[in-house]
There are 4 protein chains.
Amino acid sequence: MDKQAIFKQVAQVEERIGELYEEIGNLKAQVRELIEENTRLVLEKQRYQEHLQAASKGMKSNSTTSVISEHT
Amino acid sequence: MDKQAIFKQVAQVEERIGELYEEIGNLKAQVRELIEENTRLVLEKQRYQEHLQAASKGMKSNSTTSVISEHT
Amino acid sequence: MDKQAIFKQVAQVEERIGELYEEIGNLKAQVRELIEENTRLVLEKQRYQEHLQAASKGMKSNSTTSVISEHT
Amino acid sequence: MDKQAIFKQVAQVEERIGELYEEIGNLKAQVRELIEENTRLVLEKQRYQEHLQAASKGMKSNSTTSVISEHT
């Protein structure tokens, strides 16, 4: 049994866990950005929906004389 | 030096790495969903932008001469 | 932000944890052997000590009346 | 999909990898000690073997009148 090989193996496992720690740190930062972009997109979608509803109402009002009730 | 304690420690590290493997698997599935939702939201945003541009043109057309129907 | 790159990164972290799991498994097997060899050596040492004490007594018995030098 | 839960999960994986890094560091120190003890025991065993051979020769010399060469 090569004892130095065993020690090297533990040291290698330690080094790899160290690398993993760095990688997961980078990943965390990117997942954070992804979530932020996601939240931003959901808000933008809501605004677009509101603008589109407003625009839709605007169009109908312009094209007709009397609109009683509108729901989109 | 308690040798059984050393063995238990290696076994514990192994178990924890096994748990981590499961956790990162779950995380991968969720990141995949997050990315899919993101892509969907980006596409929806583009469609809203297009509809809004179309609606905006429609409004202008209505207020000027006479446009019967416009669809983009 | 490149979303596919984020997904690849999670997948890579997962793969690396999988490799780590294998490595720690090998290491566990080797630490087990190391501990067994250690235990065997401790027992052998005890037997040698006993034999040496017996041999030392034997020497004394043989030399009976006059013992000039003694080493334990 | 609960985005904050995803972020917490990445953060938890990161924390666990950090803990693993500490544990493997402790383990490395203990494996080092185990190997050192092992090496010490192997050397002691060799010395005992040599002493026992010397003692064995001594016993035979004492018990007999003339022994020219002995190899065990």
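In the set (1) crowded, with 18+ Cβ neighbours inside 10 Å; (2) of a type in the set (A, V, I, L, M); (3) out of contact with any Leu (no Cβ under 7 Å at 6 or more places or on another chain), the condition left unmet by residue B:6 is number (3). Candidates are the residues of segment C:29-44 that are surrounded by 16 or more Cβ atoms within 10 Å (Cβ to Cβ) and of a type in the set (D, E, K, R); the one that is farthest from residue B:2 (Cα to Cα) is C:44. The residue that is modelled with the highest pLDDT, counting only those in segment C:36-59 that are basic (Lys, Arg) and within 20 Å of residue D:40 (Cα to Cα), is C:40. Go through the residues of segment D:13-26 one by one and say whether even a single one is of a type in the set (Ser, Thr, Tyr) and either at pLDDT 95 or above or buried (at least 16 other Cβ atoms within 10 Å of the Cβ) (or both). Yes, because at least one residue in segment D:13-26 is of a type in the set (Ser, Thr, Tyr) and either at pLDDT 95 or above or buried (at least 16 other Cβ atoms within 10 Å of the Cβ) (or both). Scanning segment B:35-48 for residues that are more than 7 Å from chain A (Cβ to nearest Cβ) and either over 13 Å from residue A:34 (Cβ atoms) or in contact (Cβ under 8 Å) with a residue 60 or more places away in the chain (or both) yields B:40, B:43, B:46, B:47. Residue D:72 is checked against (1) at pLDDT below 95; (2) surrounded by 16 or more Cβ atoms within 10 Å (Cβ to Cβ); (3) more than 10 Å from chain C (Cβ to nearest Cβ) and fails just one. What number does that condition carry? Checking residue D:72 against (1) at pLDDT below 95; (2) surrounded by 16 or more Cβ atoms within 10 Å (Cβ to Cβ); (3) more than 10 Å from chain C (Cβ to nearest Cβ), the one that fails is (2).
The values are calculated or read from the model by the stated rules, or taken from the named source; none is laboratory data. Here the structure is a predicted model, which means the values were calculated and not measured. Here Cβ is always computed from backbone atoms with ideal geometry, including for glycine, and neighbour counts include all displayed protein chains.
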